[in-house]
Amino acid sequence: MKIAILPGDGIGPEIVDQAVKVLNTLGQSFEMETAPVGGAGYAAHGHPLPDATLKLAKEADAILFGAVGDWQYDNLERALRPEQAILGLRKHLTLFANFRPAILYPELVGASTLKPEVVSGLDILIVRELNGDIYFGQPRGVREAPDGPFKGAREGFDTMRYSEPEIRRIAHVAFQAARKRSKRLTSVDKANVLETFQFWKDIMIDIHKEYPDIELDHMYVDNAAMQLVRAPKKFDVIVTGNMFGDILSDAAAMLTGSIGMLPSASLDANNKGLYEPSHGSAPDIAGKGIANPLATILSAAMMLRFSLNLPAEADRIEAAVKKVLSQGLRTADIYEAGTTKVGTAEMGDAVVKALV
Ligand code: NAD
């Protein structure tokens, strides 16, 4: 089993190191190969997604990704910015289904910004479409406004679009995920304003006919944002587009205490996947040894379950994470009085030690 290790920028290398340490302790023979990506790819080869990195990602059975983004590259033209690496990988490998579970560990109830009675026991799954929407729609750019009250003025524009096959494939993934859980699916849209999302909703309703055992409801994205902080446990599985999913999953992250706790999987139609923490490269804390590596370690567990068919090993990692939390170990982002503050590497070592 070959795993492409793409640490990236900022805290990426620090947190990926911890996940690699954990993988190496499982007693399995993984072939791991590391390649630069993002700002590190640009620094090494002049491109955020160098050809050799893309080739490795294509050959591998799974990809473990850290994060990309670095302020020093913010003035590069868009095509060369670090963030293009992750967008490129999603596109080149057709990773269209992004799974972001938001689970609140009982030990971290106090680290959430919400009241314990609102969040305790939270276990929801956001399924975000990753290959379409305004992120990739063409045309886009800056031009002279062709009409409207400011005709002739400079304007920035993007295009929101979803094709029927794109909506159908993410709908099937979401209905099937809901079937494995509590059989409830909420499709989040903005059908009251956007043509693209009326189309999305109509297709969701159509595909629902193939899943009569699943309860489907629809919610506008503004209401969904509100409900996520008001009564998040009302949700089970949420399916939504690329843009709304990006925003809602970060909001859901905070429910769990810290974005440093949230893993994610981005899968193609054959369950090949890229696994990464839901957060970015956190340049503000990079190199300080204080980043929380648990989202990355939990992403490695998802990799074992979804792409490498090693569910028992995934369970072992998740149990080890629960164990270190119950031992009271906390990185700075989830620290509370009465617990023990540890750094990135210490947290990784503790998970390794807790593996049974
Ligand atoms: P971010 O997620 O990097 O950081 C947001 C806040 O959360 C920061 O205060 C940071 O210190 C904190 N944080 C994030 N991960 C943490 C962890 N593991 N432990 C402790 N604290 C953590 O988001 P941002 O600041 O908006 O973006 C920084 C860079 O990351 C930008 O260049 C952005 O484009 C990039 N980014 C990359 C990805 C990706 O690689 N998939 C995703 C999001 C943002």
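The values are calculated or read from the model by the stated rules, or taken from the named source; none is laboratory data. This structure is a prediction, so every number in the text was calculated from the model and none was measured. Don't worry about glycine lacking a Cβ; one is built from the backbone with ideal geometry, like all the others, and counts go over all protein chains shown. All accessible areas refer to the heavy atoms of the entire protein, side chains included, with ligands and DNA or RNA removed. Shrake-Rupley method; radii C 1.70, N 1.55, O 1.52, S 1.80 Å.
Numbers for the structure displayed
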| read-out | value |
| --- | --- |
| Residue range of the chain that is longest and free of trypsin sites (Lys or Arg not before Pro) which are both DSSP loop and sparsely packed (at most 12 other C-beta within 10 Å) | 1-150 |
| Rg/Rg_globular for the stretch 1-119, with Rg_globular taken as 2.2 N^0.38 Å and Rg from C-alpha atoms | 1.24 |
| Span from the the stretch 1-54 Cα centroid across to the the stretch 136-212 one, whole angstrom | 32 |
| Percent accessible area from carbon and sulfur atoms, the stretch 289-340, protein chains only, probe 1.4 Å | 53 |
| Label-point separation, D61 to H218 (7 Å along Cα→Cβ), nm | 4.2 |
| Exposure rank, largest accessible area first [S163, S264, S307; 1.4 Å] | S163, S307, S264 |
| Built amide H within the under 5 Å cut-off of I126, gap 5+ | R100, A102, I238 |
| Lysines whose Cα lies under 28 Å from that of K115, excluding same-chain neighbours fewer than 8 positions away | K183, K233, K234, K322, K323, K341 |
| Alpha-carbon centroid distance for the pair the stretch 239-262 / the stretch 283-356, whole angstrom | 19 |
| Coil-residue GluC sites (Glu not before Pro) of the stretch 56-106, DSSP, other Cβ within 10 Å capped at 12 | E77 |
| Sparse-neighbourhood loop sites, GluC sites (Glu not before Pro) in the stretch 288-356 - DSSP loop, at most 10 other Cβ within 10 angstrom | none |
| Global size of the chain as Cα Rg and Dmax, reported in angstrom | 20.3, 66 |
| M226-N270 pseudo-label distance in nm [points 7 Å out on the Cα-to-Cβ vector] | 4.6 |
| Mean accessible surface per residue for the chain, computed with a 1.4 Å probe while every protein chain stays in place, in Å² | 43 |
| Cα-based shape type of the stretch 221-321, given that a ≥ b ≥ c are square roots of the gyration tensor eigenvalues and the cut on a/c is 1.5 | oblate |
| Accessible area (Å², 1.4 Å probe, nearest 10) - I5 | 10 |
| Inter-probe distance in nm under a simple model that places probes 7 Å from Cα toward Cβ, at K323 and A44 | 3.3 |
| Estimated 222 nm signal from helices in the chain, with DSSP H stretches of n ≥ 4 weighted -39500 (n - 2.57), rounded to 500 | -11500 deg cm²/dmol |
| Theoretical gain in end-to-end length, K151 to D74 [0.36 nm per residue, Cα-Cα removed] | 24.7 nm |
| Stretchable slack from D315 to D284, in nm (0.36 nm times residue separation minus alpha-carbon distance) | 7.9 nm |
| Beta bridges by DSSP in the stretch 104-242, antiparallel share as percent, to the nearest 5 | 25 |
| Extension reserve of the V193-E164 stretch, reckoned as 0.36 nm per residue once the Cα distance is removed | 8.6 nm |
| Candidate lysines for bridging to K58, where Cα separation is under 30 Å - those fewer than 8 sequence places away on the same chain excluded | K2, K21, K91, K180, K272 |
| ³J(HN,Hα) computed for each position of the stretch 185-192 - Karplus, 6.51 cos²θ - 1.76 cosθ + 1.60, integer Hz, glycine/proline x | 10, 10, 9, 9, 9, 9, 5, 6 |
| Antiparallel DSSP beta bridges within the chain, percent to nearest 5 | 40 |
